[in-house]
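Peer 1: First, the structure itself, so that you have it in front of you.
The values are calculated or read from the model by the stated rules, or taken from the named source; none is laboratory data. Because the structure is predicted, anything quoted here is derived from the model rather than measured. Here the Cβ positions follow ideal geometry from the backbone for every residue, glycine too, while neighbour counts run over all protein chains shown.
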Amino acid sequence: MVSERLAHTAAFNLGFFVGVGSRGETDALHGASHMLEHVLFKGTERLSAEQISASIEAVGGDLNAYTAKEHTCFYARLLAEDSPRAIEVMSDMLAHSLIRPQHFRSERTVVLEEIAMGNDDPGDVAHDITARRLYGPSGLARPVIGSVDSIRAMERDTVVDYWRSRYRADDIVVSASGAVDHDQLLEALAPLDQALSARRPPLEAAVGGAPAVAEPGVFVATRDFEQLEVVMSWPGPALLDPRRSALDVLVTVLGGGMSARLFVEVRESRGLAYTIDASEIAYTDAGQVSIEWACAPSRLQPIIDVVRSVLDDVVAHGITEEELARAKGQIRGQTLLGLESPASHMSRNGRTWLQDDPRSVADIMAEVAAVTREDVHALAAELFTGRPTLAVVGPWQEHTPVSLG
């Protein structure tokens, strides 16, 4: 358990970070982590689904959860004076949910609707295509939510067994921030720790350890939309790779705002797209760098050509001292401003402890400050000399020629 007491706030933020995500699922369990996130809200012996929500909402608080590829998080925010409610309710959910068959069936329908919503979102579809092509046989290649086939075939007892074997005390980090008393919280969580410590470990280790194998090329999903959604990606550094700070600077220079190179060249100078962004994602042993935009079909190749020209220039000449200084200032400001809320402290602490990332915010800021132009230049040359994976979603004419440069 990790807690951070923050002055001048009446809020109490509590998160349970479970080391269970979609990358560790077998084919038969694809989507089980996300399904479990849903059904743990459906009631315990003491509380119905409505009572779980009402107990937190009645005091103006929020209770929610999300599933990622490498972890699941249940979190609450409410006044410190009401913190016993969150501790009691969330402990009950994690250890004593009933997961009744009728609730499992109804929630299966909800998840299938969620999958349909994602299939109607061109950005979601493009990123799913990118993941499949970038991460090859790794569990990172599959969508967190599961597939229509895997969710329809999933049985309630399978998910219950998954919960009982994977939600163990050794696999959970509890993070709290705000007006929190560490010793009192530790004492209040003792019954949960005892209940989860008694659970048996799984008979089989989680899967998903296969190395990512990127597949460059153009991959299309035809949809009846007005525009194309485009994601251009390359493999990138993993979470604790020492080049991550240089990557932060590079991504910021390329697509971190309206003064970034790609926005200036694509939007301001040529008016080819409303916006264009660069981003990076890091997992424990893999990562990716992406450039994303939406455009009319006729502008796809012109934008690719501009993007390629910008990247080729960075590979050949690097970035300027002015760009380096501006990117460092932008990263510092965005990082520190992003930690203004107690909830952001809870979230960051929970994730970093779960990921065995020992770096403090000050450590990360020092790493960014130490980045040189040479660091960024070398990384750009390593990343962008290879052919990218290009995912395109939208109206597509068969046999449309696309050159990636």
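Conditions tested, residue by residue: (1) touching a Leu at 6+ places or on another chain (Cβ under 9 Å); (2) farther than 30 Å from residue 294 by Cα; (3) part of a helix (DSSP H, G or I); (4) modelled with pLDDT under 95.
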site	(1), (2), (3), (4)
347	no, yes, yes, no
364	no, yes, yes, no
368	no, yes, yes, no
374	no, yes, yes, no
380	yes, no, yes, no
387	yes, no, no, yes
397	no, no, no, yes
401	no, no, no, yes
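Peer 1: Return the residues of region 14-51 that are within 11 Å of residue 74 (Cβ to Cβ) and either of a type in the set (Phe, Trp, Tyr) or without any contact (Cβ under 8 Å) to a residue 60 or more places away in the chain (or both); say none if nothing qualifies.
Peer 2: Listed by number, the residues that qualify are 16, 17, 37, 41.
Peer 1: Take residue 131 and tell me if it is in the same structural domain as residue 189 (by TED's automatic domain parsing), closer than 19 Å to residue 39 by Cβ and either at pLDDT below 95 or assigned to a helix (DSSP H, G or I) (or both).
Peer 2: Spelling it out, it is not the case that residue 131 is in the same structural domain as residue 189 (by TED's automatic domain parsing), closer than 19 Å to residue 39 by Cβ and either at pLDDT below 95 or assigned to a helix (DSSP H, G or I) (or both).
Peer 1: Does residue 395 fit the bill of being surrounded by fewer than 17 Cβ atoms within 10 Å (Cβ to Cβ) and touching a residue at least 12 places away in the same chain (Cβ under 8 Å)?
Peer 2: Here the answer is yes, as residue 395 does meet what is asked.
Peer 1: Yes or no: residue 86 touching a strand residue (DSSP E or B) at 6+ places or on another chain (Cβ under 6 Å), in a helix (DSSP H, G or I) and surrounded by 15 or more Cβ atoms within 10 Å (Cβ to Cβ)?
Peer 2: yes
Peer 1: Looking only at region 123-149, filter to residues that are surrounded by 22 or more Cβ atoms within 10 Å (Cβ to Cβ) and of a type in the set (Ser, Thr, Tyr); which one of those is farthest from residue 389 (Cα to Cα)?
Peer 2: 135
Peer 1: Also: How do the pairs read when you match residues in region 230-253 that are closer than 15 Å to residue 285 by Cβ with residues anywhere that are among the basic types (Lys, Arg), using Cβ under 8 Å and keeping only pairs 6 or more apart or on different chains?
Peer 2: Once the first residue is closer than 15 Å to residue 285 by Cβ and sits in region 230-253, its partners that are among the basic types (Lys, Arg) give 237/243; 237/244.
Peer 1: Among the candidates 254, 240, single out the residue that is assigned to a helix (DSSP H, G or I), under 28 Å from the mean Cα position of the chain (by Cα) and of a type in the set (A, V, I, L, M, F, W, C).
Peer 2: Matching residue, one of 254, 240: 254.
Peer 1: What tally of residues in region 1-26 results from selecting those that are within 21 Å of the chain's Cα centre (by Cα) and in a loop (DSSP other than H, G, I, E, B)?
Peer 2: 5
Peer 1: Next question. Somewhere in region 97-116, is a residue touching a strand residue (DSSP E or B) at 6+ places or on another chain (Cβ under 9 Å), assigned to a helix (DSSP H, G or I) and within 21 Å of residue 180 (Cα to Cα)?
Peer 2: So far as region 97-116 goes, no, none of its residues is touching a strand residue (DSSP E or B) at 6+ places or on another chain (Cβ under 9 Å), assigned to a helix (DSSP H, G or I) and within 21 Å of residue 180 (Cα to Cα).
Peer 1: Which residues, counting only those in region 287-334, are part of a loop (DSSP other than H, G, I, E, B) and surrounded by 14 or more Cβ atoms within 10 Å (Cβ to Cβ)?
Peer 2: Scanning region 287-334 gives 296, 318, 319.
Peer 1: Evaluate the following for residue 275: is it surrounded by fewer than 18 Cβ atoms within 10 Å (Cβ to Cβ), β-branched (Val, Ile, Thr), under 21 Å from residue 391 (Cβ atoms) and at pLDDT 95 or above?
Peer 2: For residue 275, the condition - surrounded by fewer than 18 Cβ atoms within 10 Å (Cβ to Cβ), β-branched (Val, Ile, Thr), under 21 Å from residue 391 (Cβ atoms) and at pLDDT 95 or above - is met.
Peer 1: Shifting gears a bit: Within region 62-83, count every residue that is farther than 25 Å from residue 23 by Cα and surrounded by fewer than 20 Cβ atoms within 10 Å (Cβ to Cβ).
Peer 2: The qualifying residues number 5.
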